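Comments concern the structure below.
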Amino acid sequence: MALLEKLNRDGFVLVPKAFTGEQLEALRTATQEVTAFARSGKWPDVRTLPKQFPPWKIDGPNPAAEGIWGVQGLMHPDMPHQAEFIKTYFSEAIISPTLELLQCSQDDLVMELFNLLVRPDYDFELRWHRDDIPATATPEEELERLNKPAFSAQWNLSLYEDPSLVVIPGSHLRARTETERAADPYEKVLPDQLVVKMEPGDIVFYNNNILHRGVYDPKIERMTLHGSAGHVNGARLRARNVLQHGLRTWIDRLSFEALDEKDRAMAEHMRANLVKMGQDAGDVGYSLQG
């Protein structure tokens, strides 16, 4: 079954062993150093515990002092190992399935997010959610958004075994059931839920409005790259979900010197599409609260 067919049916699709060998080891080294850098207070843009959604508290001498579960802005010009992350984001292993899933050409792609999800400092779970539809939405409001094209390919690339992502297959095609709507936000088990068990080097692409959550164990190492790319036709729909992560403050300083000439041209075009999205969108606020 083709990737797009699986994504449309289930709301997610796994690409096994997309990164192996030296590529995988280089990314492990880079993410370990970046995480240590962030935990020591040297990188201000982090996902702080126990907050699930942006904006995160990033002021004070060490924003990571009370614990983190992610590091933001891997392509930021001041990020250690930025070249390694840029080569990963624009790699064939990411771009090729993205083009297949979005059914578009490279000219249609919009540069979006690239972050890192890490082992939290204590037990931490995300509540059940859709990334850009609030829990307060009525069934009619859910369907209004779900019936529109996703216009993005969102993915997780695990560098170690990662059983953190829990999804309800097919929930991107419908409003929540009465059981789902009435459930505790941190309900351990919902009908038909599935734990996506990822091996090192696997990528899972998923519709970000599938009903999903994350469950994280502080005793288990986690380095999972978390990114997305958009379709230019969905700029209006995607603007808030993307721009709430603060890319506007540094996107103009981004260099693609680590890429070869062909990939650099693609990257420049994707960035230009992102800049235009930001110019057209204005102040976007935040998608979700909490």
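Readers should treat all values here as calculations from the given coordinates under stated rules, not as data from a laboratory. Computed from a predicted structure; not experimentally measured. Glycine also receives a Cβ, built like all others from the backbone with ideal geometry; neighbour counts cover every protein chain displayed.
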Checklist line | lysines whose Cα lies under 22 Å from that of K197, excluding same-chain neighbours fewer than 8 positions away | finding: K6, K17, K188, K219
Next item on the list: Assign one of three labels to the range 150-217, namely rounded, prolate or oblate, based on the Cα gyration tensor with a ≥ b ≥ c the square roots of its eigenvalues; rounded applies when a/c is under 1.5, prolate when it is not and a/b is larger than b/c, and oblate otherwise.
Entry: oblate
Margin query: Using each residue's phi in the range 66-78, evaluate 6.51 cos²θ - 1.76 cosθ + 1.60 at θ = phi - 60° and report the 3J(HN,Hα) Karplus result to the nearest Hz, with x for Gly and Pro.
Written below: 9, x, 9, 10, x, 10, 9, x, 5, 9, 3, x, 9
Next item on the list: Could you pull out every one of the aspartates and glutamates with an alpha carbon less than 17 Å from that of K276, ignoring same-chain neighbours closer than 8 positions?
Entry: D107, D108, E112, D252, E268
Next item on the list: Assuming a ≥ b ≥ c are the square roots of the Cα gyration tensor eigenvalues, decide whether the range 118-254 counts as rounded (a/c under 1.5), prolate (otherwise, with a/b larger than b/c) or oblate.
Entry: oblate
Note to self: Can you work out the Karplus-derived ³J(HN,Hα) for every residue in the range 177-194? Use 6.51 cos²θ - 1.76 cosθ + 1.60 with θ = phi - 60°, whole Hz, and x for glycine or proline.
What the structure shows: 6, 4, 4, 5, 5, 8, 5, 4, x, 10, 3, 5, 9, 10, x, 6, 5, 9
Next item on the list: Could you list which residues have their amide H under 5 Å from that of R47, counting only those 5 or more apart in sequence or on another chain, with H placed in the peptide plane?
Entry: W69, G70, V71, Q72
Next item on the list: Return the calculated 222 nm mean residue ellipticity for the chain, to the nearest 500 deg cm²/dmol, obtained by summing -39500 (n - 2.57) across DSSP H runs with n ≥ 4 and dividing by the residue count.
Entry: -9500 deg cm²/dmol
Notebook entry, point to check: Where the centroid of each part is defined by its Cα atoms, how far is the range 3-18 from the range 72-125 in Å?
Noted result: 17
Note to self: How charged is the neighbourhood of E199? Take every other residue with its Cβ under 10 Å from the Cβ of E199, and add Lys/Arg as +1 and Asp/Glu as -1.
What the structure shows: -1
Margin query: What's the magnitude of the charge dipole for the chain around its Cα centre, counting Lys and Arg as +1 and Asp and Glu as -1 at the beta-carbon? Answer in Debye, nearest 20.
Written below: 400
Margin query: Quick check: from the Cα gyration tensor, does the chain come out rounded (a/c under 1.5), prolate or oblate?
Written below: rounded
Notebook entry, point to check: Hey, if you put +1 on the Cβ of every Lys and Arg and -1 on every Asp and Glu Cβ in the range 1-99, which of W43, M79, L7 ends up farthest toward the positive end of that dipole?
Noted result: L7
